[in-house]
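Enquirer: My structure is below; once you've seen it, I'll send some questions.
The values are calculated or read from the model by the stated rules, or taken from the named source; none is laboratory data. If you're wondering where the values come from, they're calculated on a predicted model, not measured in any experiment. Note that each Cβ is placed from the backbone with ideal geometry, even for glycine, and that neighbours are counted across all protein chains shown.
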Amino acid sequence: MSAELRVNTIHIEGTELLDGLVTSVFLLDQDLQVDYLNAAAQNLLGVGPNQARGRSITELTRGAEALLPLFERARQGSEGVVQRELAWPAPGGVDRILDCAVTQVTLGNNFRFLLEVEDITQHRRLTRENALLAQLGGSRLMVRQLAHEIKNPLGGLRGAAQLLERELLDPALREYTRVIISEADRLTNLLDSMLGPGRPPSKQLINVHELLERVYHLLRSEAPEGVVVDRDYDPSLPPLTVDPNHIIQAMLNLGRNAIQALSGGHVQSPRLILRTRAAGNVSVGAHRHRLVASIQFEDNGPGVLPEIRDTIFYPLVSGRSDGTGLGLGIAQDLVSRHGGLIEFDSAPGRTIFVISLPMDPV
């Protein structure tokens, strides 16, 4: 179908068909004022047709400013132009990810712009979620193999140190064997945490804010001077059925990572916010949940390094030279045992890690 016929369809055959599309369709004049928009486009902008017609699309939404180069390119050529994965501020303050296409069409003696916008936010989220779940499976296998390989020689090292300690008559020399035994025990505990809990979660009904308060006070005590730790809770969240120890450990791992990112004096007014919200219709793996608890850790640090963003939940992947790369993988494992998932979004000045926990028992 030609561009001219597509535009004529709008006016001649009515709008019922276009209103049934999930793709947003706009018809704009050369000044980018709206002549027509279908139901999906009205939902995207959060305005009705009477409010939109005759007004510039850049006046209706800040997101359209990113499309100005596309309109200019369409104005100069006869072929349509496309912008993939455009961030579009949506009503309510949550950005959507859109694919946009602009085509210059002829209507009578005048030119118009046909703008088609496809919301790929959910598709992108599902793709990313599947990648995170795949990372979790690979992470578990790698961690278990690595931990088993290291634990056996550690046990032998500790036993040898104990035998040596019994043979030493000089108490000063025994201090060295105690250091060896202590470090072997510390590494064994670390490897046990890499292996994850040997028992299934011991779940109970509990207010998630009780757990967050414990984490909040621990993080405040550990934070260097100048790093502010704040709270922003939604008191309406109902109790959750979780293992408190598992969820506290997962939250501590996220919070400590954020504190470390804010340390060192290179961030102006460093701040970590612990936030809770309710989110609706969230899919985790094959399950779709009507409501989930969204537990967020937001900091204004430098952000996650681009080269590790796709592998950040794998073990031994860290953005710090002294990091073990275990905290996030362990946290993801603990949350997954509750049917939940950890996701993140990061840019310089704003990084947010989100734990999503189903409100229905899993």
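Enquirer: Among the residues of segment 203-253, write down those that are of a type in the set (S, T, N, Q) and under 16 Å from E298 (Cβ atoms).
Expert: N253
Enquirer: In addition: Among the residues of segment 251-278, how many are at pLDDT 90 or above, touching a Ser or Thr at 6+ places or on another chain (Cβ under 9 Å) and either on the phi > 0 side of the Ramachandran plot or part of a helix (DSSP H, G or I) (or both)?
Expert: 1
Enquirer: From the list V335, V317, which one is closer than 27 Å to H217 by Cβ, modelled with pLDDT under 90 and of a type outside the set (S, T, Y)?
Expert: V335
Enquirer: Turning to a different aspect of this structure: Considering only segment 241-252, I want to know if a residue exists there that is surrounded by fewer than 20 Cβ atoms within 10 Å (Cβ to Cβ), without any contact (Cβ under 8 Å) to a residue 24 or more places away in the chain and hydroxyl-bearing (S, T, Y).
Expert: There is no residue in segment 241-252 that is surrounded by fewer than 20 Cβ atoms within 10 Å (Cβ to Cβ), without any contact (Cβ under 8 Å) to a residue 24 or more places away in the chain and hydroxyl-bearing (S, T, Y).
Enquirer: Given the options T127, T121, T58, T103, name the one that is among the hydroxyl-bearing types (S, T, Y), within 29 Å of the chain's Cα centre (by Cα) and modelled with pLDDT of 75 or more.
Expert: Exactly one of T127, T121, T58, T103 is among the hydroxyl-bearing types (S, T, Y), within 29 Å of the chain's Cα centre (by Cα) and modelled with pLDDT of 75 or more, namely T58.
Enquirer: Please give the number of the condition A90 fails out of (1) modelled with pLDDT of 75 or more; (2) more than 12 Å from V117 (Cα to Cα); (3) surrounded by 18 or more Cβ atoms within 10 Å (Cβ to Cβ).
Expert: (1)
Enquirer: So which residues in segment 1-38 are modelled with pLDDT under 65 and of a type in the set (A, V, I, L, M, F, W, C)?
Expert: M1, A3, L5, V7, I10, I12
Enquirer: When the residues of segment 148-170 are filtered to those that are among the charged types (D, E, K, R) and in a helix (DSSP H, G or I), which remaining residue is farthest from S182 (Cα to Cα)?
Expert: By that ranking, first place goes to E149.
Enquirer: So, V267, is that one more than 13 Å from the chain's Cα centre (by Cα) and either over 30 Å from N207 (Cα atoms) or buried (at least 21 other Cβ atoms within 10 Å of the Cβ) (or both) or not?
Expert: Spelling it out, V267 is indeed more than 13 Å from the chain's Cα centre (by Cα) and either over 30 Å from N207 (Cα atoms) or buried (at least 21 other Cβ atoms within 10 Å of the Cβ) (or both).
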